[in-house]
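The values are calculated or read from the model by the stated rules, or taken from the named source; none is laboratory data. Values in this document were obtained by computation on a predicted structure and should not be read as measured data. For neighbour counting, all protein chains shown are included, and Cβ atoms are generated from backbone atoms with ideal geometry for every residue, glycine included. Please note that ligands, DNA and RNA were not included when accessible areas were found on the heavy atoms of the full protein model with its side chains. Shrake-Rupley method; radii C 1.70, N 1.55, O 1.52, S 1.80 Å.
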Amino acid sequence: MNLRGYFRVQISLDSAVFFWYLNKNCLDLGMARLVIKSAGFGERVIDLKLGVNRVGRSPENDFQVEHPTISALHCELKVEDDQLVICDCESTNGTFVAGEPIHEARLSAGQSFSIGDIEFYIENTDMTISIPKIVVQVAKAPPVVKNDGSMLCPRHSRAQITHQCTRCREMMCDACVHQLRRRGGKLLKLCPLCSNKVELIGGDKKKKNSLLGFLQKTVKMPFLQHSNSED
């Protein structure tokens, strides 16, 4: 097996996938730009893409330029080191720089070349790329449910869940709750994730008045009044 040929093909395929991904996903892509200066094209602008750009008369090319002096596949263009690399693809009428036929040439911004009888002006060779940040959503750990039905906090493995956020519905223990007391105001309990209000799971439990407590108050109040009158 020819390993050298294998790795050459593999690298070529990987590069093609890489350039395809960049062209599809880059948010901010500054492109090298050509302008067709010949009459009849209205100074058509060509913004080159990353990688190899095929130019010719056929619609199968990256950029179709219809003219009888241009071959079906005339040349290939790519940007390397802030220069435009031009490769003639055995065209019938040739590719020219300063009137001289070339097979391959490297040009800079401000220079011109011709394919057949059509003149191209290199406006710039800048290729600036801004790849969007890839955000991977990490699934949060679910709370651990004990045999008695109570739940343990996913962030504090030994603490029992006591509160839940009213907005994002995150469940948490007392240690997770952010507490904020305004001057002259009541204590605010906030979610550590979205800073919204949290509530006690099951609601605030109010103390129930027992019958014994009610009787104690009922008996105690007249006794106090009688003692005060004797004094």
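Values as computed for the structure displayed
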| item | result |
| --- | --- |
| Boolean, LEU215 is over 39 Å from the mean Cα position of the chain (by Cα), modelled with pLDDT under 90, of a type in the set (A, V, I, L, M) and open to solvent by 50 Å² or more (accessible area, probe 1.4 Å) | yes |
| Leading residue by the ranking (nearest to the chain's Cα centre (by Cα)) among those in region 69-93 that are free of Cβ contacts under 8 Å to residues at least 24 places away in the same chain and within 20 Å of PHE41 (Cα to Cα) | LEU73 |
| Looking only at region 40-68, and only at residues there that are polar (S, T, N, Q) and surrounded by 16 or more Cβ atoms within 10 Å (Cβ to Cβ), the one that is nearest to the chain's Cα centre (by Cα) | ASN53 |
| Filtered residue count, region 102-121, keeping only those that are of a type outside the set (Gly, Ala, Ser), surrounded by fewer than 16 Cβ atoms within 10 Å (Cβ to Cβ) and farther than 19 Å from ARG57 by Cα | 2 |
| Of the criteria (1) more than 16 Å from PHE120 (Cα to Cα); (2) open to solvent by 50 Å² or more (accessible area, probe 1.4 Å); (3) modelled with pLDDT of 85 or more, which one MET1 fails | (3) |
| Single unsatisfied condition, MET31 versus (1) in contact with an Asp or Glu (Cβ under 7 Å, 6 or more places away or on another chain); (2) modelled with pLDDT of 95 or more | (2) |
| Hits in region 84-130 - residues which are in a loop (DSSP other than H, G, I, E, B), in contact with an Asp or Glu (Cβ under 6 Å, 6 or more places away or on another chain) and under 20 Å from MET31 (Cα atoms) | THR125 |
| Meets criteria (modelled with pLDDT of 80 or more, basic (Lys, Arg) and open to solvent by 80 Å² or more (accessible area, probe 1.4 Å)) for LYS146 | yes |
| Residue in region 154-162 that is β-branched (Val, Ile, Thr) and either under 33 Å from the mean Cα position of the chain (by Cα) or modelled with pLDDT under 90 (or both) present | no |
| Selection count where residues are part of a strand (DSSP E or B), aliphatic (A, V, I, L, M) and exposed (fewer than 14 other Cβ atoms within 10 Å of the Cβ), scope region 159-187 | 2 |
| Matching residues, region 164-201, being free of Cβ contacts under 8 Å to residues at least 12 places away in the same chain and charged (D, E, K, R) | ARG169, ARG181, ARG182, ARG183, LYS186 |
